[in-house]
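A.B. asks: Can you read through this structure? Questions will come right after.
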């Protein structure tokens, strides 16, 4: 393949000499036109938020999450959770908020605005990160929630349905 490219280059140079030097200019223009231009990097690239499994599954990790509850979900059984949404309405909201999170919306603001978790702001140590939880081997978490969180690399976002409702989980870096 390289020898073919080299032969074409030599032929092109020979042709340019024969044509008075115009072929190299044309080749250079075609070469520059073929190069893709890079877009300026965004502060947050949605592709960076696609779930990527960590190499070793961590024993403990920190996450932020948004809980979208609905009538009949485990979370709705808590008297502090006041929701009148149907499961289908909750699912549509879950998809909407998940897309916002994937498109680099401020996750803290999303938690404050949408999460039905009654404990999202209870720990003063972590009020800078509403919806914060530390998942440890001794912690009691819904198994589907825990597996989803453990399957994320730091900074990644994913969603999962559990007994309590619909979750959007972001693993802290």
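A.B. asks: When you check residue 84 against the structure, is it surrounded by fewer than 18 Cβ atoms within 10 Å (Cβ to Cβ) and closer than 25 Å to residue 58 by Cα, yes or no?
C.D. replies: So residue 84 fails the test.
A.B. asks: Given the criterion exposed (fewer than 14 other Cβ atoms within 10 Å of the Cβ) and within 17 Å of the chain's Cα centre (by Cα), identify the matching residue among 108, 156, 103.
C.D. replies: Details: 108 fails: exposed (fewer than 14 other Cβ atoms within 10 Å of the Cβ); 156 fails: exposed (fewer than 14 other Cβ atoms within 10 Å of the Cβ).
The unique qualifying residue is 103.
A.B. asks: Which one is surrounded by the fewest Cβ atoms within 10 Å (Cβ to Cβ) among residues in the range 58-81 that are touching a residue at least 60 places away in the same chain (Cβ under 8 Å) and part of a loop (DSSP other than H, G, I, E, B)?
C.D. replies: Within the range 58-81, the match that is surrounded by the fewest Cβ atoms within 10 Å (Cβ to Cβ) is 59.
Laboratory data are not the source of any read-out in this text; all were calculated from the coordinates shown. This is a predicted model, so every value here is computed, not measured. Virtual Cβ from ideal backbone geometry, glycine too; neighbours counted across all protein chains shown.
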